[in-house]
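Trainee: Here it is: the structure, laid out below.
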Amino acid sequence: MLTRRRHLASLPLCLFASGLLASACATKGQVKLLQGEISSLRIETARRDSVRASALAAIIGLQQRIMDSLVAGREALRTLDLRIQADLTGVQRQLLQVQELTGQSQSRLSEMKAALDQRAEQAEATVLARPPADTTATPGAVPPAGTPVPTADQMYQGAKTQLNRGAAATARRGFQELVRTYPTHELVSEALFYIAESFAVEAPDSAVTYYTQVLSRFPRALKASTSLYKLGRLESARKNSAAARAYYDRLIKEYPRSDEVDLARDALKNLRP
């Protein structure tokens with residue numbers, strides 16, 4: 001009986017010791033599990049750090065390449081700017097050379113024009129300095145010895161130059177002198193025509209007189225058909241349609257192949273009845 005009681009008294013103590021042993025075993029497992037998780041976490045962290053390091057290295061490399069590209073671009077721009085400046089300098093030098101050459105050409109042209117004008121003035125002065133022609137002398141007679149006489153061509157060119165410059169009165173005197181000095185020369189018909197031209201604006205009646213002389217004295221001259229057309233224009237300007245029509249009709253009839261025929265036909269269409 002006594003033995004049984006002792007056995008029952010020691011029973012809770014055994015149970016308590018078994019519980020403690022079981023608790024100790026569970027704690028060691030959990031510690032190992034925790035240690036495994038910590039190790040895995042460290043491995044994952046290390047892997048992530050490696051990835052981040054690689055990405056950071058790639059970013060740094062890209063940034064360096066961008067910086068290198070910017071430096072290279074700046075250097076290329078600087079080189080291009082220097083080249084453009086050099087090209088502009090060359091172009092400016094060429095422009096200066098062209099301006100200098102142009103200035104020299106203009107100066108040369110001015111000198112040539114001045115020389116031609118001087119010659120024309122000298123020819124005119126020679127013509128005007130001649131004494132008046134003797135009305136009793138034979139037409140075309142040679143003037144006294146020692147008197148410089150320009151040729152018909154010189155007189156014609158000098159007078160034509162003055163007419164082109166707008167000096168109608170001076171040109172007229174030159175052409176009239178040619179007609180007096182060389183009455184049978186082939187240039188007389190053109191001299192008479194240009195005398196008429198010099199009168200056309202300020203004295204239409206005098207112009208009609210000289211145009212008519214061209215027609216009567218030189219009907220086959222080059223200026224004959226032109227004189228007819230000019231007569232028609234003068235009469236048309238003076239509102240004399242009948243006279244203008246007569247001149248245009250005569251031009252078409254007598255000079256059908258002249259350059260003024262088409263002009264005369266057009267003028268006839270525009271004439272009022």
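Every read-out reported here was derived from the displayed coordinates using simple, explicitly stated rules and does not represent laboratory data. Bear in mind the structure is a predicted one, so any value in this text is a computation, not a measurement. Ideal geometry is used to build each Cβ from the backbone, glycine not excepted, and the neighbour counts take in all protein chains shown.
Trainee: Using a 7 Å offset from the Cα along the Cα-to-Cβ direction at both SER69 and LYS253, what is the distance between the two label points in nm, to one decimal?
Mentor: Going by the 7 Å Cα→Cβ label model, 9.4 nm.
Trainee: Here is a follow-up. If the chain between ALA243 and VAL91 were fully stretched, how many nm would it gain, using 0.36 nm times the residue separation less the Cα-Cα distance?
Mentor: Numbers: separation 152, 0.36 × 152 = 54.72 nm, distance 6.51 nm.
Here the segment from ALA243 to VAL91 would lengthen by 48.2 nm.
Trainee: Give me a comma-separated list of calculated 3J(HN,Hα) values for the stretch 246-256, in order, Karplus coefficients 6.51, -1.76, 1.60 applied at θ = phi - 60°, integers in Hz, x for any Gly or Pro.
Mentor: In residue order, the calculated couplings are 5, 5, 5, 4, 5, 4, 5, 6, 8, 10, x Hz.
Trainee: When a/c is below 1.5 the answer is rounded, else prolate if a/b is larger than b/c, else oblate, so apply that to the stretch 175-273 with a ≥ b ≥ c taken from the square roots of the Cα gyration tensor eigenvalues. Don't skip to the answer; put the middle values down first.
Mentor: Numbers: a/c = 2.86, a/b = 1.56, b/c = 1.83.
Verdict is oblate for the stretch 175-273.
Trainee: Which of the peptides 51-62, 255-266 is most tightly packed, and how do the rest follow, going by the mean number of other Cβ atoms within 10 Å of each residue? Can you show the working numbers first?
Mentor: Values: 51-62: 10.0, 255-266: 14.2.
Taking the mean over residues of other Cβ atoms within 10 Å, the ranking is 255-266, 51-62.
Trainee: Continuing with the same structure: I'd like the Karplus ³J(HN,Hα) series for the stretch 76-89: coefficients 6.51, -1.76, 1.60, θ = phi - 60°, whole numbers in Hz, and an x wherever there's a Gly or Pro.
Mentor: Going residue by residue, I get 5, 5, 5, 5, 5, 4, 5, 5, 5, 4, 5, 5, 4, 4 Hz, with x marking Gly and Pro.
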